[in-house]
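This report concerns only the one structure given below.
The values are calculated or read from the model by the stated rules, or taken from the named source; none is laboratory data. Note that the coordinates shown come from a computational prediction; the quantities given were computed from them, not determined experimentally. With ideal geometry, Cβ positions are generated from the backbone for all residues, glycine too; neighbour counts draw on all protein chains shown.
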Amino acid sequence: MLISARAGWAWAAKNGRAGTLDPTTVRKYVTPLVIPPAMPPAGKDDGYSRVDRYLIGNRQFAQQILPPGMPRTAVWGYGSLKQPHTFNFPAFTIEANADRPVRVTWVTGRRHRSSPHRPVASHDSVVVA
């Protein structure tokens, strides 16, 4: 069974689903695609270990995904815990150099009070050489 976007929106609106938008009211192709910048490292190389280190967390936040004038969208994204302005969707990229290890420490964010979803609670460190 195939349901059109318009029919899905009509069903959601009829059943009291908050936050639904009529897809025909969203202007298409007006928001430029995001080219994610490089994730800033968590700290400077100490001169001894020669490892690029990142401290990255995930969290829920509101971001302008739809065209200007439309409501902001709740999204999950990644960013540097040392620099909160880096939380974005899509997330910043980790740029690595050949023959230089990278250490990424992932810290799981807490769920937002309005979200029924819970992120996986784990703290992992990954070293890529």
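Does residue 36 satisfy the criteria of being touching a strand residue (DSSP E or B) at 6+ places or on another chain (Cβ under 7 Å) and modelled with pLDDT of 90 or more?
yes
Pick from 53, 6, 17, 59: which is out of contact with any Lys or Arg (no Cβ under 7 Å at 6 or more places or on another chain) and modelled with pLDDT of 85 or more?
One residue alone meets the criteria, 59.
Need the failing condition index for residue 81 against (1) of a type in the set (A, V, I, L, M); (2) closer than 15 Å to residue 107 by Cβ; (3) touching a residue at least 40 places away in the same chain (Cβ under 8 Å), just the number.
Tallying (1) of a type in the set (A, V, I, L, M); (2) closer than 15 Å to residue 107 by Cβ; (3) touching a residue at least 40 places away in the same chain (Cβ under 8 Å), residue 81 fails exactly one: (3).
If I filter segment 91-103 for residues that are farther than 25 Å from residue 34 by Cβ, at pLDDT 55 or above, more than 15 Å from the chain's Cα centre (by Cα) and among the basic types (Lys, Arg), do I get at least one hit?
Yes - at least one qualifying residue is present in segment 91-103.
Select from segment 61-78 the residues that are among the small types (Gly, Ala, Ser) and touching a residue at least 40 places away in the same chain (Cβ under 8 Å) and list them in ascending order.
Passing the criteria: only 74.
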